[in-house]
Amino acid sequence: MLLLIRWLRSLLFFLGMLIITPIFALLVILMFPLSNITRSRMASYWAHCALFWLKLTCNLGFEVRGRENIPNHPSIILCKHQSAWETIALQVIFPPQIWVLKRELLFIPFLGWAWIALSTIPIDRSAGREALKKLVMHGKDRLAKGLWVVIFPEGTRIAPGKRGKYHIGGAWLAAHTQTTVVPVAHNAGLFWRKNAFIKRPGTITVSIGLPIETAGLKADALNQQVEDWIEAEMLKL
């Protein structure tokens with residue numbers, strides 16, 4: 001019976017998202033002539049609605065530790081990746097932002113079109129060093145426009161208790177632009193698992209680490225520092 005109730009609640013959440021997502025995606029697309037920050041704020045309204053609906057239907061909320069660690073200037077967020085949840089919640093927790101994502105995601109109806117309008121940074125993982133060059137070029141442009149840049153170093157969602165390879169891209173961008181890095185850990189995967197339809201009730205914990213100033217740091221050393229903090233923090237959540 002409990003499993004059935006959770007399934008029905010998750011279905012209600014899913015149906016609600018089917019309604020609001022195309023609406024907000026269309027609004028973001030129509031706002032293309034406006035500034036990047038304005039478009040990003042519209043996307044954050046969608047995220048607020050999604051999290052409210054998630055709490056209402058599935059009784060899944062969240063708490064944030066370390067809000068005082070959020071800098072007052074555009075920075076690069078390097079975040080643990082376990083779930084689809086954090087791609088929504090980061091838009092509520094942090095200032096206007098864009099994300100680095102696989103270019104294949106841009107072909108998703110509505111969402112992909114909205115991501116294009118939001119000026120996200122698509123990457124071709126097979127391009128190697130050329131991809132890093134484009135990441136720095138586009139990342140520098142977005143940061144200059146006042147946007148934060150969100151990167152998931154592991155590149156894909158990793159199950160709770162597991163540890164993926166931390167790719168160098170986020171640290172490379174931060175080191176080459178001398179941009180502050182904010183590491184983020186969370187346990188969303190315990191409640192909203194990869195490719196799982198059912199969302200478990202509870203409270204997701206998000207932990208924001210002390211900002212890392214990157215001047216004088218090499219990308220590999222920065223990447224290791226971020227990985228060490230996130231993985232150590234994951235053991236506490």
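Summary of values
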{"read-out": "Scan of segment 80-123 for residues that are under 25 Å from residue 226 (Cα atoms), small (Gly, Ala, Ser) and crowded, with 19+ Cβ neighbours inside 10 Å, ordered by number", "value": "83, 89"}
{"read-out": "Close pairs (8 angstrom Cβ cut-off, 6 or more residues apart or separate chains): charged (D, E, K, R) in segment 216-228, in a helix (DSSP H, G or I) anywhere", "value": "218/175; 220/171"}
{"read-out": "Flag if residue 63 is among the charged types (D, E, K, R) and not in a helix (DSSP H, G or I)", "value": "yes"}
{"read-out": "Set 40, 10: member being of a type in the set (S, T, N, Q) and over 20 Å from the mean Cα position of the chain (by Cα)", "value": "10"}
{"read-out": "Matching residues in segment 180-229 - criterion: being polar (S, T, N, Q) and out of contact with any Ser or Thr (no Cβ under 6 Å at 6 or more places or on another chain)", "value": "195, 203, 205, 207, 214, 223, 224, 225"}
{"read-out": "Boolean, residue 165 is modelled with pLDDT of 90 or more, more than 30 Å from residue 26 (Cα to Cα) and not acidic (Asp, Glu)", "value": "yes"}
{"read-out": "Options 151, 212, 158; residue that is without any contact (Cβ under 8 Å) to a residue 40 or more places away in the chain and within 19 Å of the chain's Cα centre (by Cα)", "value": "212"}
{"read-out": "Residue 187, sole failed condition from (1) within 27 Å of residue 104 (Cβ to Cβ); (2) within 15 Å of the chain's Cα centre (by Cα); (3) not aromatic (Phe, Trp, Tyr)", "value": "(1)"}
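The values are calculated or read from the model by the stated rules, or taken from the named source; none is laboratory data. Computed from a predicted model, the values in this text were never measured in an experiment. Methodologically, a virtual Cβ is constructed for each residue, glycine included, from the backbone with ideal geometry; neighbour enumeration extends over all protein chains shown.
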